[in-house]
Amino acid sequence: MVKIAFFDTKPYDREFFDKINERYHFDIHYFAPHLTQETAALVAGFDAVCIFVNDKCDAETCRILYEKGVKLLALRCAGYNNVDLPALYGKIPVVRVPAYSPHAVAEHALALMMTLNRKTAKAAARTKEANFTLNGLMGFDMHGKTAGIIGTGRIGKALISILRGFGMRVLAQDLYPDTKAAAELGYTYTDLPTIYREADIISLHCPLTPESTYMINKDSIAMMKDGVMLINTGRGKLVNSKDLIDGLKSHKIGYAGLDVYEEEASCFFEDFSDEIIADDILSRLLTFPNVLVTSHQAFFTKEAIAAIAETTLENIRLFFEKNELPNEICTGCDKNTCAKCAKK
Ligand code: NAI
């Protein structure tokens, strides 16, 4: 029986994976800690290792996995910026869940926008205290405003379709524009400076790569409209958090909705409510009334978790039963340009 070591597991992971594993019959061991160099020794005797977004699979951890005889690394997420892929080249194949529910993430991006715009969190806190005043709760119509969507893959397109339903004008940027989708959904591709200049709301949906790291920085923020709303459900390091704080302090940024944060691995998904937060940048961000931080929960719907569990266990079955890797991430290159990727 295939033995799988799961890292960074929470009760909801167990619930969904155990249910779907009734059909797969894998021998699953759930470990609560992240996969790190320190915990990597736990993988001895396991055939496969399953990790999530904030597990850290750096070169040394990869070396330990290989040395301990792990045959497959299965990511139960889409993004893979936390894995040193070249360190696994020719040693351990890596699979992921490329798509589970783009709607889950797109709808959460919308939730961030609407909560910031219409101040529903503040309003709910007030009415619970029997305070029924409206001072400070004024929002703006989404209808007629311009959204700038950076990255028009599955999630970006799902969000565009929602925002078009609001009657918004949508500008978009992508390394590989999908002109057919643009015509169907009614949005326009343009360049980043035009998005920065014209968008009332900017939402990030591209992966974290060397090119996209800190794409939102003091220079791009300087180009933006005064009072712009920035939404990041992509990856934390797309945004330079210090520059974001400066943008908020100068009122250039009017609202920020962050589901991801560049140093989230040390705090997201855990309860620090009785402790002092050591991260001064995160602490400062949390003080702004016009910043909304959620703890990487955009993916967190029943439908998405069920789909993640199904695809992850199917990825593992296909590899061990049929030596097939339909959702493999290429470890031989970092831009999906090598012969192996081109074959896909
Ligand atoms: P996708 O692969 O369908 O689309 C990504 C798009 O970004 C592609 O069209 C690609 O051409 C484009 N792109 C790549 N580099 C770019 C760049 N430098 N500038 C502009 N566009 C660029 O991916 P999907 O499923 O839409 O997910 C997007 C990202 O959302 C993921 O990479 C991941 O980081 C993040 N994500 C966040 C989740 C959360 O819970 N907060 C859950 C799932 C994904």
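Nothing in this text is a laboratory measurement; each read-out follows from the coordinates by a stated rule. As the structure is a prediction and not an experimental result, all values here were calculated from the model. Every residue, glycine as well, gets a Cβ built from its backbone with ideal geometry; the counts of neighbours run over all protein chains shown.
Run through all the Cα pairs of the chain and give the fraction in each 10 Å bin from 0, expressed as whole percent.
5, 23, 31, 24, 13, 3, 0
From the phi angles alone, apply the Karplus equation (6.51, -1.76, 1.60; θ = phi - 60°) to the range 161-172 and give each ³J(HN,Hα) in whole Hz, x where the residue is Gly or Pro.
Result, rounded to whole Hz: 4, 5, 5, 5, x, 7, x, 8, 7, 10, 9, 9.
What residue among Ala181, Ala158, Ala306 has the largest mean-square fluctuation in a Gaussian network model of the chain, using Cα springs under 10 Å?
Maximum fluctuation in the GNM of the chain, among the listed residues, is at Ala181.
Full-extension gain between Asp246 and Met138, please, as 0.36 nm times their residue separation minus the C-alpha to C-alpha distance. All intermediate terms of the calculation are to be shown ahead of the outcome.
Details: separation 108, 0.36 × 108 = 38.88 nm, distance 2.41 nm.
Result: 36.5 nm gained on full extension.
Quickly rank 81-94, 235-248 as a protection proxy: mean count of other C-beta atoms within 10 Å, highest first.
Per-residue mean Cβ counts within 10 Å order the peptides as 235-248, 81-94.
Report the relative contact order of the chain, percent, no decimals, based on alpha-carbon pairs under 8 angstrom and at least 6 residues apart.
Averaging sequence separation for qualifying contacts and normalising by length gives 17 percent for the chain.
How big is the Cα convex hull of the range 102-293 in projection, averaged over all directions, in nm²?
Values: hull surface 46.0 nm².
Averaged projected hull area, Cα only: 11.5 nm².
Looking at the range 63-171, what % of the alpha carbon pairs are farther apart than 24 Å?
Every Cα pair in the range 63-171 considered, those over 24 Å come to 52 percent.
Using θ = phi - 60° and the Karplus curve 6.51 cos²θ - 1.76 cosθ + 1.60, what whole-Hz ³J(HN,Hα) does each residue of the range 223-233 get, with Gly and Pro shown as x?
Running phi through 6.51 cos²θ - 1.76 cosθ + 1.60 with θ = phi - 60° gives 7, 6, 5, 4, x, 4, 9, 10, 10, 10, 10 Hz.
Taking the range 220-344 as the region of interest, what is the percent of Cα-Cα pairs per 5 angstrom bin, listed from the shortest bin to the one with the maximum distance?
2, 9, 14, 14, 14, 12, 12, 11, 8, 4, 1, 0
Between Thr127 and Thr287, what's the calculated FRET efficiency when r is the beta-carbon distance and R0 is 22 Å? Round to 0.05.
0.40
Net charge near Arg96, counting Lys/Arg +1 and Asp/Glu -1 over other residues with Cβ under 13 Å of its Cβ?
-2
List the relative contact order of the range 44-91 as a percent without decimals, with contacts defined as Cα pairs under 8 Å and 6+ residues apart. Could you put the intermediate results ahead of the total?
Details: 57 pairs, mean separation 24.6, N = 48.
Relative CO of the range 44-91 lands at 51 percent.
What are the GluC sites (Glu not before Pro) within the range 175-271 that DSSP puts in a loop, where the Cβ has at most 15 other Cβ atoms within 10 Å?
Glu211, Glu263, Glu270
Quick check of the Kirkwood formula: for the range 132-171, what is the inverse mean of 1/r over all pairs of different Cα atoms, in Å? Working shown, then result.
Values: mean 1/r = 0.0872 Å⁻¹.
In the range 132-171 this quantity evaluates to 11.5 Å.
Rounded, prolate or oblate: which fits the range 1-101, taking a ≥ b ≥ c as square roots of the Cα gyration tensor eigenvalues, rounded meaning a/c under 1.5, else prolate when a/b beats b/c?
Since a/c reaches 1.5 and a/b is larger than b/c, the shape of the range 1-101 is classed as prolate.
Determine ³J(HN,Hα), in whole Hz, for all residues of the range 137-152 in sequence, where each value follows from phi through the Karplus function 6.51 cos²θ - 1.76 cosθ + 1.60 and θ = phi - 60°; x replaces Gly and Pro.
9, 5, x, 9, 5, 6, 3, x, 7, 10, 9, x, 10, 9, x, 10
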